[in-house]
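Written out below as structure tokens is the structure these notes cover.
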Amino acid sequence: MAVARSPQPARPDDDFDELVKVALDVAGSLDPREVIARILERGIHALQADRATLSSLSDDHVIVEATHGRDGQVTWVGQRYSLDYFAGQPLVKKAIETMQPMIGGGLASEQAAPEFRQAIANVRHVAVIPLVHGGKAIGMLVLSRYEDHPFTNEDLAPLTLLGAISGLALRNARLYEEGEAARKRADETAARLRAAVEAAEDVASQVQIDQVLGRLLERALASVGADGASVARLEGTDMVLESTTSGAAVGTRWPIAPKVLAGVKTGKSVELTAAEYTGAPEGLASIVQPFRRFLVAPLAIGGETIGLLAMGRRKDEPFDPAAVQSLQQLSTLGALLLRNARLIAQAQEAERAKSEFMSIAVHELRAPLTVTGGYLAMALEGGFGELTEPLKGVLQTAQRKTEEAKALADELLTVARLEGRALKPSADRFLVTDVVQEALVRARPRAELSRGTLKADIADDIEVRADRTLVSKILDNLINNALVYSDHPPMVRVTGRRDGDQVAITVVDDGIGISSQDQGRIFGRFARGTDRRVLEKPGTGLGLYLSRGLAEQMGGSLQLASSRPGKGSTFELRLPVGVA
Ligand code: ADP
């Protein structure tokens, strides 16, 4: 910025106007650098100086922040000096002590720091203006003139004012900066907390134990700012690595460093330097070698430490407290998830083993039943000669019972596949009305036995996306129950309608209904109703359990929509709509 210099000192009124402008201008920004630049510019302009230099002061040191020459360039210095530096500059010393602007000849260049000597040597006149705020000098503005044009007593009033305005503006800007930094720290803490919550959700969504650990480590790395991480389970005074970010050394056993062992007992995380991390097992030292700092957090649950979460950082820098705190949160979640994942894995394994056993057993059972059924059919057709009536009756009963046993075996096999997650339904598109009509055709003989009526009320164009065989199985179950659980000739109606992205199929009967206690249990495995009229009929209590499982496997659901004892029941099957 070019500075116009008037040959005469400015008149007091002009000074005042000028200073109002200075005040507005200087106070117009909250960026400390900008405030400093404006103080320097305005100081030069208002007091026709050749150079202005601003320093901030604290109890024991001074920082030369910036200097501004008449050519309009601000040079940022940022150099820190001890306050002793002023011992050889009486003018400066006095200005700070009295908190009043001082004017005088040049500064003592031989006393100045070497880098300033040259600049100071050219100075003929100076004004030293303390920047005062709250009764303290928080900074200092030095205005210099290179020509023989002394500052006068008339300049003192505007200099004082400039000092006060600048002090205030500088202080505000600094406070603002501190406030911003505090807000940023608070934002960072909030972000870390959010990240911890997200991490919990993310980690919790993983069912496989190795995935749980992998996700936990990834999240811990990101939130703490580390370069490597591992999770280990505790075994006495050793730890066994369960998972590492590098994938190396999983399954290896390590002694726990004494400092960690002591810390773990208190449930707190422990920070270690490379020197404190001792006792890597033979041949494994290279794994920890790249790291200069470690942070180890206990994975504790119910007061018991079950594992350790260790972070390594390549840089030899301490972990900041916010990082330590976020690791603490993560490790609490980690411990919980680790234990849950273990329990789930154990339960799943037991379930899988049981389902496998059931599949094998049912297969073994079904094979002889098929053979027996075949011989019985052949015998009844006269394949082994003429049958007496009593023998025919016996063989017919045997055939019926064999068919029932085969049906039970088939149901058990489906249960085993469903529970063992071996059932992979297809997702075909087909018309609901077709699959319902087929089911009604299959149900007709049974309906006729009880003189029942079957009806369907479904639009012709509703399609579902599901496994056709499984939907048929579910419909057979529901329609069969509707026909069976009745004490008068049953009336069964099947409806279908589209409901958003689902199709709702209902099976409505006018049968015995279901008591409210039974409503809560009929979808359970092997659960049958408690009504005498139910228990008189053959049944396994698997039909609804299986039907619901199958519906859910296809992305649908099965509910008892309504039922009242003596007034009938309505079951509702929902399936994904089949859209083009
Ligand atoms: P099951 O029919 O072999 O007993 P399900 O799982 O199909 O097994 O049904 C479980 C129970 O739900 C039945 O025992 C019966 O008490 C009740 N139930 C199911 N459908 C009906 C229905 N339409 N009307 C009355 N009760 C029913």
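The values are calculated or read from the model by the stated rules, or taken from the named source; none is laboratory data. A quick note: this is a predicted structure, and the numbers were derived from the prediction, not measured. FYI the Cβ positions are ideal-geometry reconstructions off the backbone, even for glycines, and counts take in every protein chain you see. Note: accessible area is taken over every heavy atom of the protein model, side chains too, but ligands, DNA and RNA are not part of it. Shrake-Rupley method; radii C 1.70, N 1.55, O 1.52, S 1.80 Å.
Miscellaneous remarks
- Cross-link table K473/K537; K354/K424; K401/K567, entries beyond 30 Å C-alpha to C-alpha: K401/K567
- In a fully extended conformation the segment linking Y375 and D487 would gain 36.7 nm over its present Cα-Cα distance, using 0.36 nm per residue.
- Residue-averaged 222 nm ellipticity for the chain, from DSSP H runs of 4+ at -39500 (n - 2.57), nearest 500: -16000 deg cm²/dmol
- Cut-off 12 Å between beta-carbons: net charge of the residues surrounding L54, Lys and Arg +1, Asp and Glu -1: +2
- Based on protein heavy atoms only, the chain ends up with 52 Å² per residue of surface accessible to a 1.4 Å probe.
- Gain upon complete extension [Q396, L343; 0.36 nm per residue less C-alpha separation]: 14.1 nm
- Using only alpha-carbon positions in segment 225-264, the gyration tensor eigenvalues give semi-axes of 18, 14, 7 Å once each is multiplied by 5 and square-rooted (largest first).
- Using the Cβ-Cβ distance between D187 and N122 with R0 set to 41 Å, the FRET efficiency from 1/(1 + (r/R0)^6) comes to roughly 0.30.
- Charge tally for H133 (other residues, Cβ to Cβ under 11 Å; Lys, Arg +1; Asp, Glu -1): +3.
- On the chain, 54 percent of the accessible area sits on carbon and sulfur atoms, based on a 1.4 Å probe.
- When you filter the GluC sites (Glu not before Pro) in segment 492-580 for DSSP loop state and at most 11 other Cβ atoms inside 10 Å of their Cβ, you are left with E536.
- Estimated from the Cβ-Cβ distance and a Förster radius of 51 angstrom, the FRET efficiency linking V579 and A157 is about 0.05.
- Once the convex hull of all Cα atoms in segment 250-312 is built, its volume per residue stands at 82 Å³.
- At R0 = 22 Å, FRET efficiency that the Cβ-Cβ distance of E317 and Q73 yields, to 0.05: 0.05
- Net length gained if the chain between L83 and F430 were fully extended (0.36 nm per residue, minus Cα distance): 116.0 nm
- Using a cutoff of 8 angstrom between alpha carbon atoms and counting only pairs six or more residues apart, the relative contact order for the chain works out to 7 percent.
- Taking all Cα pairs closer than 8 Å and separated by 6 or more residues, the relative contact order of segment 436-580 comes to 27 percent.
- Among 321-331, 46-56, the order from most to least packed when residues are scored by Cβ within 10 Å on average: 46-56, 321-331
- Debye intensity ratio I(q)/I(0), log10, the chain, q values 0.09, 0.12 Å⁻¹ (C-alpha model): -0.89, -1.10
- Residues in segment 29-66 reached by a label modelled at E147 [backbone nitrogen below 15 Å; 7 Å Cα→Cβ]: 45, 47-51
- Protection proxy ranking for 349-356, 312-319, using the average of other Cβ atoms within 10 Å per residue and placing the highest first: 312-319, 349-356.
- Note on exposure: F357, F526, F294 ranked by accessible area (1.4 Å probe, complete protein assembly) read F357, F526, F294, with the most exposed listed first.
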